[in-house]
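Read through the structure below, which is laid out as structure tokens, and then see the notes.
The values are calculated or read from the model by the stated rules, or taken from the named source; none is laboratory data. It should be emphasised that the depicted structure is a prediction, and the values quoted were computed from it without experimental measurement. As a convention, Cβ positions derive from the backbone with ideal geometry for all residues, glycine included, and neighbour counts pool all protein chains shown.
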Amino acid sequence: MSRRTCLNAAGIAVVLAVICVLPFVVRPYQLDFLIFLFINVILVVSYRLIAITGEFSLAHAVIMGVGAYASALLASLPISPWISMPLGGVAAAVIAYILSFPLFRMKGFYFLIGSFAAAEAIRLCWVQFNDPFGGFRGLRGIPVLEIDLGDLLYLDLGAPVPYYFFAMIVGLIFLTVMYRIEHSRFGFVFHAVHHKDTLAQSVGVDVRRYRTIAFVTGGFFAGIAGAMLAHYVTAINPGLFGLKQMLFVLVWVLVGGLGHFAGPIIGVTVLSIIDESLRGLDELRPGFYGLVLIATMLFLPDGLVSLPRKVMQWLVWLRKRGEGALARRE
Amino acid sequence: MTDLELILQTVLNSLIASSFTAIFAVGLVLIFGIMQIVNFAHGALYMVGAYATWYLYAEVGLPFFASIVLATLLTMAIGLLMERALFRPMRGNLFGGLIVSVGMMFVLEVLVVYLFGQGLMKNMTPYFKESWHAFGIESVTISHSRLFVFAIAAFILVTFWLFMSRTRLGWAMRACAQNPEAAALQGIGIGKISMLAMAISAAMAGMGGAVMSPLVRITPQMGHPVLVTAFIVMIVGGMGSIEGALIAAVAYSFFHTFVTTYIGGEIATILGLALMLLVLIVKPTGIMGARESV
């Protein structure tokens, strides 16, 4: 084990310890905030899985919504939420797979706008059809998760603290899985498809197939994130998965930095915490997001994750300039 | 109202919708053609135009036409600021330009909320109170405000077309759109042309907002549906092609208005988006777009 991996492991252990203690020291509404943060972490990391193949999708929030709606509708059948949640993820993956046929005929800007159009069409269907989607008011009274082992154990996961740990465990499992995917053979191909599209094709990589795999896998995790949201807040509506939500996902990912696995996680955490501290100024929040986004694109195009390296470079440059100035004086 | 009258009314509605959609989409397409940037803030400029007109006319009490001119100048100034501060560093970076314009959209939307408050009804008594009964038919009515929209839009489009086809500056602009490097080699200042294009585009959006302000609900998000329409028009017409955008604007407005009248608004938008997806799949360059090499 090298020093670097040791440091990484120690860092992760500290973060985990803090996360485990956190629910017992914060106020109840802050616990809600942390649960949404976990769900958003799954969302942005699954978005990165798609984005590393080189295409930016504007359909991710709606894919998440597909998971939420599918799980909520299945649970009202009634099917136990424990089964409907994974099925929600599967439904999101299936929709992503269907969308991938038209969408991956496009590239670049066309893909972006195409994915937006497809997503908006799905979202407007939820608004349009009252039965079964409930129109613009959406679905209500979605059952919460519970663990019922008869006399042995009963746990209502609708309460914040148990759900916090549930979201944490699911989040950690998914992050590990997505990390492993990125560092598997598949993940290397994803990177190759992004950076050397034509070269990858010429050595026999089916670029479209790998983009589809990334899109469907990302869709699956986003769908589960949506189902987790639906079974916690117990009411969903089409407005939750609109363009604004999608743009927020994009902001989190880009401000955090796409180049590194931790980038989106840092982005969503930092921005959500700042966002939360602006709670009193509700209608001004998007403006803050806009300014951060512009500043990041202009001055830190690789995101927050590149900040330490940038600062290091700057320090080295300063020192060199200092030495140079000294040399001139002599 | 008989069937025939309903059809006549819908045709007139479509014509007015197409004129507005055309000036909005042409501004968006112009920016894409010259700078390769998809301006998400275009809808926000439209919104700013509407807010400024409402404020100057209904609150300050300036004459209606003066309010429109001032609102247009204001959006023009914002457009120039955006070009200098945001779009110029992002030149040629399609995704970066898109992202900064999204940021600008958020900032402008929040700015109007900050200045004018949220949730208040921005009521505005229309300047034109009369209506026109088309061809003397009693049940077919078009209010003068909407005729005014049509007149202004037609005037802008004709002026723009004359500018692009008859003046040296217009030729320079077209040269920039076709091949920026070759244009620069001929001594055309790309920076100047970009600023001019941005000024024209922002003025079109702002003036669109100004003349539409008596007819629509003025909210910070009023630009979103218009922007979605403009994207559909832009894709169907072919990216960067102004003629294509004009044709697509008219075709789409007729399609959307007729479906809205006979079936419903949501369905019309869903079908419009599906149409755009179809165009993207079958002919991604749009009806008038140039062939693109890989």
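Odds and ends about this structure:
- Here B:L196 fits the description: out of contact with any Pro (no Cβ under 8 Å at 6 or more places or on another chain), hydrophobic (A, V, I, L, M, F, W, C) and away from every other protein chain (no Cβ under 14 Å).
- Scanning the stretch A:101-124 for residues that are more than 22 Å from the chain's Cα centre (by Cα) and loosely packed, with under 15 Cβ neighbours inside 10 Å yields a single hit, A:F101.
- When the stretch A:143-188 is filtered for residues that are more than 19 Å from A:P23 (Cβ to Cβ), at pLDDT below 85 and surrounded by 14 or more Cβ atoms within 10 Å (Cβ to Cβ), the ones remaining, listed by number, are A:P143, A:F186, A:G187.
- For the stretch A:293-302, taking the residues that are within 8 Å of chain B (Cβ to nearest Cβ) and part of a helix (DSSP H, G or I), the one that is farthest from A:S272 (Cα to Cα) is identified as A:L298.
- Extreme residue, modelled with the lowest pLDDT, among residues of the stretch B:73-97 that are more than 12 Å from every other protein chain (Cβ to nearest Cβ) and in a loop (DSSP other than H, G, I, E, B): B:G92
Let's see how each residue does on (1) touching a residue at least 60 places away in the same chain (Cβ under 8 Å); (2) part of a helix (DSSP H, G or I); (3) crowded, with 16+ Cβ neighbours inside 10 Å:
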residue	(1), (2), (3)
B:F148	yes, yes, yes
B:F155	no, yes, no
B:V158	no, yes, no
B:L162	no, yes, no
B:G170	no, yes, yes
B:M173	yes, yes, yes
B:C176	yes, yes, yes
B:K192	no, yes, no
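- When A:H191, A:H195 are screened for being at pLDDT below 80 and more than 17 Å from A:M85 (Cα to Cα), only A:H195 passes.
- The criterion of being away from chain B (no Cβ under 14 Å), in contact (Cβ under 8 Å) with a residue 60 or more places away in the chain, touching a Leu at 6+ places or on another chain (Cβ under 7 Å) and surrounded by 14 or more Cβ atoms within 10 Å (Cβ to Cβ) holds for A:M64.
- Neighbours by Cβ (under 6 Å, 6+ apart or cross-chain): first from the stretch A:228-244, crowded, with 19+ Cβ neighbours inside 10 Å; second of a type in the set (S, T, Y): A:A230/A:S71; A:Y232/A:Y163
- Considering each residue of the stretch B:246-263 in turn, none proves to be under 19 Å from the mean Cα position of the chain (by Cα) and facing another protein chain (nearest Cβ under 9 Å).
- The criterion of being crowded, with 21+ Cβ neighbours inside 10 Å and touching a Pro at 6+ places or on another chain (Cβ under 8 Å) holds for A:V253.
- Checked against (1) under 22 Å from A:I39 (Cβ atoms); (2) more than 14 Å from chain B (Cβ to nearest Cβ), A:W314 passes all but condition (1).
- Any hit, the stretch B:105-127, residues being closer than 18 Å to B:S213 by Cα, away from chain A (no Cβ under 14 Å) and touching a strand residue (DSSP E or B) at 6+ places or on another chain (Cβ under 9 Å): yes
- Annotation note: Cβ proximity below 7 Å between a residue of the stretch A:6-24 that is within 21 Å of A:P162 (Cα to Cα) and a residue that is aromatic (F, W, Y) (sequence gap 6+ or interchain) occurs for A:P23/A:Y164.
- Extreme residue, farthest from B:E83 (Cα to Cα), among residues of the stretch A:256-275 that are within 13 Å of chain B (Cβ to nearest Cβ) and surrounded by fewer than 21 Cβ atoms within 10 Å (Cβ to Cβ): A:D275
- Counting only residues that are closer than 23 Å to A:V216 by Cα, part of a helix (DSSP H, G or I) and of a type in the set (S, T, N, Q), the stretch A:10-54 holds 2 of them.
- Scoring A:L278 on the criteria (1) more than 14 Å from chain B (Cβ to nearest Cβ); (2) surrounded by fewer than 17 Cβ atoms within 10 Å (Cβ to Cβ); (3) modelled with pLDDT under 85 leaves a single failure, condition (1).
- With respect to being more than 13 Å from chain B (Cβ to nearest Cβ), buried (at least 22 other Cβ atoms within 10 Å of the Cβ) and assigned to a helix (DSSP H, G or I), A:G290 falls outside the description.
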